[in-house]
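The values are calculated or read from the model by the stated rules, or taken from the named source; none is laboratory data. Just so you know, these numbers come straight off a predicted model, no measurement behind them. So basically every Cβ, Gly included, is an ideal-geometry build from the backbone, and we count neighbours across all protein chains shown.
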Ligand code: NDP
């Protein structure tokens, strides 16, 4: 901890995982002897770089770029790029660390990594975003490759940004390879990747609900955020019979007791890139409340935090419990604070942790890599079917690992243990590296 004293998000993520792993480390002394824990919390490589670009006024801007290559024991580094003004080394390391276990849980051969920049795409023109992406890739290209490190999107990095990044990689290296995922369909992207994290979240939540005699059918659902994960979580939750009554952005939240149509949200966020408040232009009977934190006070049966880290604090968890919410499944990465998770679990709320429940995105990225390697493209239903199977497996493995270590029903512990075991065994086999 002393070595990373300033990195609070990273330390929070590590603490949470190590706590769950205590019984495993106790039961397997070879892990300690081989320095497994000390090695697994240290990234294999961290790259930080200058990203200079010229804005539309001809002024030079400088941002900082990051790529944290955390662990390659079971496959090439894999994980998204985040462009957001809050990005710093701690945030990227926390995301990279979590990614190691999440990728392992998918059952696909992917190591863990994460990257990004403190560049804020809000209010930037397409041309500015393109120039930024080209400058970013002009450094990043030398550190990545289809058998080495395959980045993807994350907050602030969607289809547009991946396109610019891919174009620049191809131009510099003169090679057309699957070096990024989340690509457009005409140039090697996978069908169903856009939908995958939100769909996967609901497939996972559905397994958890069914194992406990509950379901989405007829349930009131609150989803925070209105980005990629939130929009498709809305679509799938609705298909499974739920009614999504609230969604948010970083300014505030809307409540529509008749159910929010994901297509309207897609129009507002993906086409117009507008604020969620403009939902009132489409549905005047809905309600808008300024300030996003209040969304947890909207009474619901199922809550799906799909916006950002630490967005569901203890007060939010208390409000959910007081209103009778019986399930929380995380779509964002680490959206619930540790005290919120503890409170929800102590009050018998079914809780699905991000690294298991939002693994559908990276799993489908893994399927995109397979398609690129084969130079084939699978149908939407084929990919969606594989995604569904993967999410069912993740649930089964996390539930089984929790039970094996005497923590039946604790999916936080189960996901950490199941994800860790595979990576740890691979590291043991590969010697002290
Ligand atoms: P997007 O950038 O598409 O959307 C993020 C959404 O969250 C936006 O609507 C944003 O609103 C909103 N938001 C940001 N901060 C807050 C806040 N404090 N309160 C309420 N809303 C907020 O990102 P994604 O949907 O792709 O990602 C969301 C989360 O899911 C992240 O944690 C990401 O790491 C995680 N994730 C994403 C995956 C994917 O495949 N996309 C895969 C696995 C995890 P605004 O427009 O105001 O900024």
Within region 272-284, identify whether any single residue is touching a residue at least 12 places away in the same chain (Cβ under 8 Å), out of contact with any strand residue (DSSP E or B) (no Cβ under 9 Å at 6 or more places or on another chain) and either closer than 19 Å to residue 308 by Cα or not in a helix (DSSP H, G or I) (or both), and answer yes or no.
no
Taking the condition away from the ligand (no atom under 13 Å from the Cβ) and either surrounded by 15 or more Cβ atoms within 10 Å (Cβ to Cβ) or in contact (Cβ under 8 Å) with a residue 24 or more places away in the chain (or both), does residue 321 pass?
yes
Of all residues making up region 303-318, the number that are touching a strand residue (DSSP E or B) at 6+ places or on another chain (Cβ under 6 Å) and without any contact (Cβ under 8 Å) to a residue 60 or more places away in the chain:
0
How many residues of region 53-71 are surrounded by 15 or more Cβ atoms within 10 Å (Cβ to Cβ) and more than 19 Å from the chain's Cα centre (by Cα)? The answer is 5
Members of region 83-102 that are outside any helix (DSSP H, G or I) and either at pLDDT below 95 or surrounded by fewer than 24 Cβ atoms within 10 Å (Cβ to Cβ) (or both):
84, 85, 86, 88
Just checking, does region 165-178 include any residue being in contact with a strand residue (DSSP E or B) (Cβ under 9 Å, 6 or more places away or on another chain), within 23 Å of residue 96 (Cα to Cα) and in a helix (DSSP H, G or I)?
yes
Return the pair list, or none, for Cβ contacts closer than 8 Å from residues in region 211-237 that are without any contact (Cβ under 8 Å) to a residue 60 or more places away in the chain and in the same structural domain as residue 264 (by TED's automatic domain parsing) to residues that are more than 10 Å from the ligand (Cβ to nearest atom) and in a loop (DSSP other than H, G, I, E, B), at least 6 apart or on different chains.
215/240; 215/241; 217/240; 217/241; 217/242; 218/241; 218/242; 234/260
Could you please find all residues in region 204-218 being in a helix (DSSP H, G or I) and over 23 Å from the mean Cα position of the chain (by Cα)?
210, 211
Among the numbered criteria (1) over 12 Å from residue 223 (Cα atoms); (2) at pLDDT 95 or above; (3) more than 9 Å from the ligand (Cβ to nearest atom), which single criterion is violated by residue 271?
(2)
